Amino acid sequence: MKDRLRKRFQSLYWQQFLLTAGMVLLTLLLLGASFYTLSYRYTVLEKRSEMEERAELIARMSAPYLISAAKNEQPDDSLRSMAGVAARMSDVDFLICNDSGNVLLTSDTRIVGQVVTIPDEVSQAIMNDGALYENRTDLGGIYDTKQFVVAVPVTESESSTTIVGMVVAVMETTELMEIWRSFIALFFMTAATILLIAFVVSSLTSMRQTQPIQEMVRATRAYAAGNFDIRMQDAERSDEIGELASSFNAMADSLAETERQRRDFIANISHELKTPMTTIAGYTDGILDGTIPPEKERQYLQIISDESRRLSRLVRRMLDISQIQSKEMKKEDFDICESMRLALLSMEQKIIERGLDVQADIPDDSVMVQGDNDLITQVVYNLLENAAKFAAPSSTLYLGLTVNGEKALVTVCNSGATIPPEEIPLLFERFHKSDKSRSADKDGYGLGLYVVKTILEQHKEKISVTSENGMTSFSFTMQMAHSMHNN
């Protein structure tokens, strides 16, 4: 059970989900910490500013009251009502003290009628420095809990610097905390909503990303079992997953085609090997058991010899293809005109036997191209051999070369039967023969043009075929040498 859970949480879906969710949560925590600090500071500073403003207002109105009290005169009692109004408007209580810190008048009903003296630390800060005092304190035990306190000095007049007392503004910290908690509650409600949305979106996104990958895993297992019919369903998407699915389907098509070619190859090679081997075995048994008369043994031994050579040529041609496919091609600059002349000379005997004329359109000057000289010579030879084999007797065989920019174009043409359009794409497949009865091409194996295609694919070059009105043309390109192209 533990291994199953660990494996599940190691999946790409959970990794993506937990990563996204973790990043969102970390971001919210950092924002929360920042919001906590900023909101608290903002709330405190705002209330401090409000309390200072109210205290200074009361301080300006308190100077006559404190001066009268210092002279033991009856003070104007209107200050009490004004302080009470200010207290009710701002939820702040005011303590009006003389220069000794004794509370002479207060709007705080909790200490009305009591003899209260402000702690020395507060009164000295005001009387000695004449500066604003701000702190969270219980004022030396006057209050049961700490209060938010702001104290300002009271001067004789606005133009005077003589301090005659102080005004202490007091506010319950619970009042201040309520305001701040309302900010925090709003933040956490918003954060929870964002976190929930982020989790849902992250889950859906992770699922959307991992589902095609899970399909690919199932598909690859099916491919490993030999089933190439499964295709991805997300190929129509316009994102990277769609591109991956499209490429995956293309790979599956290629694997299916490769599997089809492999089966065809096995069937074709079995057929090609079976015919001469059956002939050899049958005639050999006939000679050994006396079925074939002694006077005809030489005739059948000749047939056995011919079939053995044909079988040997087939095996040798298959080995040649294998060597070409596995060979590391060495590109070099060479004169393709010389290669074409060499291939034409090698075909001279077969051309004479077929009674063909040759029209060679090969430049006298060298045309330097890049590639493997021996392999390209074999390409030209195979095309000439194929053209000569299917050319009409006494017709003309054409071999030409043209240069077009960075490419050299080699063309081989013959006059004969027109190849049907549906047959042209099959010409370069292994063991393909145009004559299905195989009567016209008993010595061929359907491998010559496959060798041509294999070599040109290694050179990353293209070959094209056209066949109209009895004229069949094979043309392939070669990359020009850099030095010649620069010239």
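The values are calculated or read from the model by the stated rules, or taken from the named source; none is laboratory data. All values reported here derive from a predicted model rather than from experimental measurement. Every residue, glycine as well, gets a Cβ built from its backbone with ideal geometry; the counts of neighbours run over all protein chains shown. Please note that ligands, DNA and RNA were not included when accessible areas were found on the heavy atoms of the full protein model with its side chains. Shrake-Rupley method; radii C 1.70, N 1.55, O 1.52, S 1.80 Å.
Below are the figures for this structure:
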| read-out | value |
| --- | --- |
| Residue selected from the range 229-250 under the condition modelled with pLDDT of 75 or more and assigned to a loop (DSSP other than H, G, I, E, B), by the criterion farthest from the chain's Cα centre (by Cα) | Asp229 |
| Number of positions in the range 141-169 that are open to solvent by less than 70 Å² (accessible area, probe 1.4 Å) and in contact (Cβ under 8 Å) with a residue 12 or more places away in the chain | 19 |
| Test: residue in the range 297-320 that is loosely packed, with under 14 Cβ neighbours inside 10 Å, modelled with pLDDT of 85 or more and within 56 Å of the chain's Cα centre (by Cα) | no |
| Of the criteria (1) more than 21 Å from Arg48 (Cβ to Cβ); (2) touching a helix residue (DSSP H, G or I) at 6+ places or on another chain (Cβ under 7 Å); (3) part of a helix (DSSP H, G or I), which one Pro64 fails | (2) |
| Count of residues meeting criterion [touching a Cys at 6+ places or on another chain (Cβ under 7 Å) and buried (at least 16 other Cβ atoms within 10 Å of the Cβ)] in the range 363-386 | 1 |
